[in-house]
Amino acid sequence: MPRHTEIFGSVKVHELQRVLKLDSGGFENPRAKDISSEELKGVLKRSAIVVPVKNENLNLLDGVLRAIPFDCSIIVVSNSERVSQDTYKMERELVTNTHDLTQQEILIIHQKDPGLGSAFHEVGYEEILEKEKLDGKEAGEEAGEEAGEETGKEKKEWLVRDGKSEGMIIGMLLAKSLGKDFIGFADADNFVPGAVREYVMDFAAGFCMSESPFSMVRLHWRYKPKVVEDKLYFKKWGRVSETTNKYLNLLISTCTGFETGVVITGNAGEHALTTRLADLMCYSTGYTIEPYHFVFLFDKFGPREAEESAEKVGAEKASTEKAGTEKAGTEKASSEAANAGIEIFQIETLNPHLHEEKGEAHINEMLTGSLRMVYNCRLCNDYVKSKVLAELEGLEALQEDWEARSRWKGKPSHIMPPVGRIDVGKFMKVLKSSSESLLRCKQGATKCEVVERGRGEKKNETSSFYRP
Ligand code: GDD
Ligand code: MG
């Protein structure tokens, strides 16, 4: 059980919870929460686990796919190399073979599939598209008028931007198309398949404890082992997460006047949320998606806004029913969320986290990105801003990039609107008729459905890549 819950407007942040037993015995104890396997299974069946992948070792992806419990659907969103070496083809073969052997439902799609970009364009979710391509398209249309239709056509290609967050949004839409109620995320570069299985069970456990339909489960690793000299050192904190948590906590502390250390999952890549919450959240780009979850919730449902939201509910209900627009739909959901409360569970995993090391520059990017999110939070007062800037000054890597720092003073770029506004039926219709990479292997089916580009027809695909 969480020992304490920090109530911040409509946002309830539960203090860290620990896994006492991976598989418990069904005994009542007022100090601990026992969750039956039937209950967990019930949640798993309504869950999709999204696996974002970009050029990871196939053996690692293989372990992750095999670790995700059978009852969940898996959605692999790849942004891997397709030109010099077709890594995506190999990932796809891995998916079809895993499905051949296990019959678990698995979907896979490539982030740069032009059909996917078109689907986002058609439903008006342009914030996820590459800016250059949008500009190119406009220029192309003008050029097309002079140089004939072909040029115009060639330029009309929409591509989704690079980024983990962008891949996660694609995954969320596919999860919604499957009618899932819970969406979880697991990175593809995990060395320990057993840990991945635990992550998914921990997500399910969080949802079993939740009282609000708008909830999120974020995982905190007990240890993140590193090799120090010739030994494994069981490190507790990463450089990025420690700093992000510190400033997210400072945001809460300076608002409430009471110091808190409740947030310990500012950068939790492994997290899950109810589809109802996923629908109304805005998302930041790339690796800033996780710290921005908090910033968004603080901005939208934090103390000041919460009071206004509660007052607005009645009025909004009436206007929403009248307007009937998609935007009004998400506003209505936000009002419901403000009333029901948004629950954030933070669970410490029993398994340590071992994954690929991506280097110093990558860590710095994540750190500065996270601080940028805090800096641009509506609740960030001058005191917290000055602390964030002082933290940055201490970062050697950023000394040269002083100009970048001054850009922070504006709104953070690339905030993507709620996916709840997207007409998923229309999105899938366009996707199925124009995608060249989408593959759906249904649960129990012996063959996978391949959507043939341009025709929306399906053919079956099996592979000979891997046999037991
Ligand atoms: N689809 C897609 N598109 N996947 C991507 C992209 C992309 O552009 N970029 C990276 N990925 C995949 C990676 O292949 C990996 O499976 C996962 O996203 C996480 O990326 P890493 O590069 O391994 O990130 P990290 O390990 O440094 O950081 C992770 O953990 C942090 C702490 O929990 C990420 O999940 C962070 O978002 C997280 O904050
Ligand atoms: Mg990683």
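Annotations
- None of Gly167, Gly179, Gly171 is out of contact with any helix residue (DSSP H, G or I) (no Cβ under 8 Å at 6 or more places or on another chain), within 16 Å of ligand 2 (Cβ to nearest atom) and either on the phi > 0 side of the Ramachandran plot or modelled with pLDDT of 95 or more (or both) except Gly167.
- Options Glu331, Glu343: the member that is modelled with pLDDT of 90 or more, away from ligand 1 (no atom under 16 Å from the Cβ) and either surrounded by 17 or more Cβ atoms within 10 Å (Cβ to Cβ) or farther than 26 Å from Glu15 by Cβ (or both): Glu343
- Residues of segment 22-41 satisfying the condition of being assigned to a loop (DSSP other than H, G, I, E, B) and farther than 13 Å from Ile347 by Cα: Asp23, Ser24, Gly25, Gly26, Phe27, Glu28, Pro30, Arg31, Asp34, Ile35, Ser36
- Test: Ser80 is outside any helix (DSSP H, G or I) and within 16 Å of ligand 2 (Cβ to nearest atom): yes
- For Glu365, the requirement of being of a type in the set (Asp, Glu), within 16 Å of ligand 2 (Cβ to nearest atom) and either modelled with pLDDT of 85 or more or surrounded by 20 or more Cβ atoms within 10 Å (Cβ to Cβ) (or both) is met.
- Neighbours by Cβ (under 9 Å, 6+ apart or cross-chain): first from segment 426-445, at positive phi and touching a residue at least 12 places away in the same chain (Cβ under 8 Å); second assigned to a helix (DSSP H, G or I) and charged (D, E, K, R): none
- Single unsatisfied condition, Asp187 versus (1) in a loop (DSSP other than H, G, I, E, B); (2) within 16 Å of ligand 1 (Cβ to nearest atom); (3) surrounded by 22 or more Cβ atoms within 10 Å (Cβ to Cβ): (3)
- Filter result for Leu219 (in a helix (DSSP H, G or I), at pLDDT 95 or above and not small (Gly, Ala, Ser)): no
- Within segment 59-87, restricting attention to residues that are within 12 Å of ligand 1 (Cβ to nearest atom) and over 21 Å from the mean Cα position of the chain (by Cα), the residue that is nearest to Gln443 (Cα to Cα) is Thr87.
- No other residue among Val13, Val64, Val43 is farther than 30 Å from Gln103 by Cβ and surrounded by 21 or more Cβ atoms within 10 Å (Cβ to Cβ) apart from Val13.
- Criterion (surrounded by fewer than 22 Cβ atoms within 10 Å (Cβ to Cβ) and within 16 Å of ligand 1 (Cβ to nearest atom)) met by exactly one of Tyr223, Tyr199: Tyr223
- Identity of the residue in segment 85-110, among the aliphatic types (A, V, I, L, M) and part of a helix (DSSP H, G or I), that ends up nearest to Ser177 (Cα to Cα): Val95
- Odd one out for Thr254, checked against (1) touching a Cys at 6+ places or on another chain (Cβ under 9 Å); (2) surrounded by 20 or more Cβ atoms within 10 Å (Cβ to Cβ): (2)
- For segment 22-40, a residue qualifies if it is out of contact with any Gly (no Cβ under 7 Å at 6 or more places or on another chain), surrounded by 13 or more Cβ atoms within 10 Å (Cβ to Cβ) and without any contact (Cβ under 8 Å) to a residue 12 or more places away in the chain, and exactly one does: Ser24.
Residue-wise test of (1) in a strand (DSSP E or B); (2) touching a residue at least 40 places away in the same chain (Cβ under 8 Å); (3) farther than 27 Å from Ile342 by Cβ; (4) out of contact with any Lys or Arg (no Cβ under 8 Å at 6 or more places or on another chain).
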residue: Glu6; (1), (2), (3), (4): yes, yes, no, no
residue: Lys12; (1), (2), (3), (4): yes, yes, no, yes
residue: Leu20; (1), (2), (3), (4): no, no, no, yes
residue: Leu44; (1), (2), (3), (4): no, yes, no, yes
residue: Asn59; (1), (2), (3), (4): no, no, yes, yes
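- Just one of the numbered conditions (1) free of Cβ contacts under 8 Å to residues at least 60 places away in the same chain; (2) in a loop (DSSP other than H, G, I, E, B) is not true of Leu232: (2).
The values are calculated or read from the model by the stated rules, or taken from the named source; none is laboratory data. Every value quoted in this text rests on a predicted model; they were computed, and no experiment measured them. Quick reminder, even Gly has a Cβ in these numbers, built from the backbone with ideal geometry, and neighbours come from all protein chains shown.
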